[in-house]
1. Quick check: is even one residue across the range 442-463 outside any helix (DSSP H, G or I), aliphatic (A, V, I, L, M) and surrounded by fewer than 18 Cβ atoms within 10 Å (Cβ to Cβ)?
2. Would you check if there is a residue in the range 345-366 being open to solvent by 30 Å² or more (accessible area, probe 1.4 Å) and among the aliphatic types (A, V, I, L, M)?
3. Among the listed residues Glu466, Glu432, identify the single one that is among the charged types (D, E, K, R), under 25 Å from Pro375 (Cα atoms) and either open to solvent by 20 Å² or more (accessible area, probe 1.4 Å) or in a helix (DSSP H, G or I) (or both).
4. Going by the structure shown, is Phe310 loosely packed, with under 14 Cβ neighbours inside 10 Å and outside any loop (DSSP other than H, G, I, E, B)?
5. Please enumerate the residues belonging to the range 415-429 that are open to solvent by 20 Å² or more (accessible area, probe 1.4 Å) and not polar (S, T, N, Q).
6. So Leu105 fits all but one of (1) crowded, with 20+ Cβ neighbours inside 10 Å; (2) touching a Leu at 6+ places or on another chain (Cβ under 7 Å); what number is the exception?
7. Just to verify a result, which residue in the range 24-44, among those that are open to solvent by less than 30 Å² (accessible area, probe 1.4 Å) and part of a loop (DSSP other than H, G, I, E, B), is farthest from Lys10 (Cα to Cα)?
8. Can you confirm whether the range 398-414 contains a residue that is open to solvent by 60 Å² or more (accessible area, probe 1.4 Å), in a strand (DSSP E or B) and more than 20 Å from Glu280 (Cα to Cα)?
Amino acid sequence: MAELGQVFTKGNVAHYMVSLFDLPKYANIMEPCFGTGSFLDALMLHGFINVTACEIDKGLYEATKSKYPQYRLFNADFLKYDGAEKYDGIIMNPPYIRQEKIDGLESFGITKEKLRCIPIFAGLPSTANMYMYFIMKAIDLLKENGQLTVIFPSSWMNAKTGAEFQELMLSECGLEKKIHIYGDVFERGALVEVVILKLIKGRLDLIADEEFLESKNGKLAVVPVNEKKAFQMFSYPFSELATIKRGLTTGCNEMYINPDLSCDNDKCFKPIISSPKSIEGYTALNARLDKLFFPTDDAMSNEIEKYLDFWKHKIMKEQKPKTLYLKVNSSEKWYELREICGEGILFSYFVRNDMKFVMNETSAFARDNFYVIKPKVDKWVLFALLNNYYTYYQLELSGKRYGAGLLKLQRYDIEELTFPEYGLISREDKKEMEILSRKLIDTGDSTYVGEITKLVSKHSGVDYDEITERYFAVKASRLEVN
């Protein structure tokens with residue numbers, strides 16, 4: 001089933017967003033993806049009478065349409081909506097679909113290639129996420145001086161793609177309000193820091209008001225800026241500090257990891273870290289290593305040739321694993337592995353309880369259930385900047401939750417992390433970060449993560465007590481959901 005990126009807005013937030021409209025009650029309003037009707041409820045209670053709305057999900061459309069007989073509701077894809085009308089106001093929580101998954105909507109007639117053929121999307125970066133397409137479509141459907149109120153995760157705006165998109169968006173609209181909002185903003189426990197923008201088409205002279213809100217227990221509370229509870233903790237991107245790649249992929253672990261093969265030549269085996277469970281603490285030095293079969297021409301023997309021949313016939317007969325099957329048909333050296341150095345900082349993309357980044361100073365490979373982070377800066381400082389509650393909290397918010405408290409993190413979740421600006425961290429603080437990183441590795445004592453967090457807090461508007469409370473609250477929320 002296609003992933004539609006549906007995250008529904010809570011009623012109190014929807015009412016607040018509708019209240020941002022400075023429009024008469026007869027104004028022509030559009031809601032592009034009405035879902036379960038939070039915005040329709042709010043528009044109705046605020047007295048708006050002229051509302052058009054779309055919902056691509058047929059099930060949601062059927063379940064919701066009868067509640068609002070006074071409005072014009074369509075089971076339609078907003079991106080294909082070709083109504084001749086222009087609108088005084090548009091309000092929306094666009095779908096959260098990353099650019100890598102847009103082609104998964106092909107059953108709805110949506111692909112990146114098709115979208116990029118539409119003139120109004122021509123200026124978007126090739127890595128644009130779905131919400132960017134929705135916003136550009138909304139701007140196109142606005143009347144001059146029309147108002148757009150939209151909510152989406154603020155972390156996406158920190159990336160390079162987000163900056164390019166903002167420039168494009170603000171070439172057509174003025175930004176009247178920028179509201180950072182944190183807390184129980186969405187239904188189903190989707191905790192995330194978001195931003196609400198109010199844009200006015202054509203009013204490029206506007207200077208935005210910036211506000212901070214917290215949603216808690218169904219109520220919105222203003223957070224005074226002078227309390228330094230800034231919700232954008234940092235702006236320095238991951239790409240300035242490190243690179244990241246996936247660990248080594250074998251294509252067939254049964255064949256390559258701890259194989260049933262006797263070999264006197266050590267050249268045919270290399271050490272590999274196969275599982276996060278094999279690592280204790282924050283270092284790979286004492287990790288339990290597996291044996292990786294790593295065949296090369298200079299390590300060939302009759303026994304290895306027989307082993308490879310056995311697997312070749314097995315793969316050809318079963319036509320799987322698919323990757324190796326294709327290689328067998330296209331290359332004589334189908335069995336060769338691409339050597340990927342595992343030295344650096346490791347991170348398992350599945351988190352069950354405690355999050356941690358692990359220093360690997362060994363020569364062992366890391367398997368592809370790890371990400372391998374290569375520092376561009378001092379590795380001990382980077383290690384500290386990764387192992388603290390500010391980073392853990394960002395990952396808790398961006399990861400995808402599964403059952404039994406499991407959190408899955410993609411490579412792009414790591415790449416979208418933000419940090420204190422490296423050049424503004426004092427020499428003394430960097431030295432202290434190195435000391436704390438070494439202590440964390442030497443002892444495995446997670447209390448040093450708290451000590452690192454206190455040090456990092458000197459560079460954030462969100463203080464130590466607040467980030468600690470936020471992190472453990474969102475972690476507890478994940479672990480309590482079954």
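The values are calculated or read from the model by the stated rules, or taken from the named source; none is laboratory data. Quick caveat: nothing in here was measured; it's all calculated off a predicted structure. Ideal geometry is used to build each Cβ from the backbone, glycine not excepted, and the neighbour counts take in all protein chains shown. Accessible surface is based on the protein model in full, side chains and every heavy atom, while ligands, DNA and RNA are left aside. Shrake-Rupley method; radii C 1.70, N 1.55, O 1.52, S 1.80 Å.
1. The answer is no, given that none of the residues of the range 442-463 is outside any helix (DSSP H, G or I), aliphatic (A, V, I, L, M) and surrounded by fewer than 18 Cβ atoms within 10 Å (Cβ to Cβ).
2. No.
3. Among Glu466, Glu432, only Glu432 is among the charged types (D, E, K, R), under 25 Å from Pro375 (Cα atoms) and either open to solvent by 20 Å² or more (accessible area, probe 1.4 Å) or in a helix (DSSP H, G or I) (or both).
4. Yes.
5. Glu415, Glu416, Glu421, Tyr422, Gly423, Leu424, Arg427, Glu428
6. For Leu105, the exception is condition (2).
7. Among those that are open to solvent by less than 30 Å² (accessible area, probe 1.4 Å) and part of a loop (DSSP other than H, G, I, E, B), it is Ala27.
8. Yes, some residue in the range 398-414 is open to solvent by 60 Å² or more (accessible area, probe 1.4 Å), in a strand (DSSP E or B) and more than 20 Å from Glu280 (Cα to Cα).
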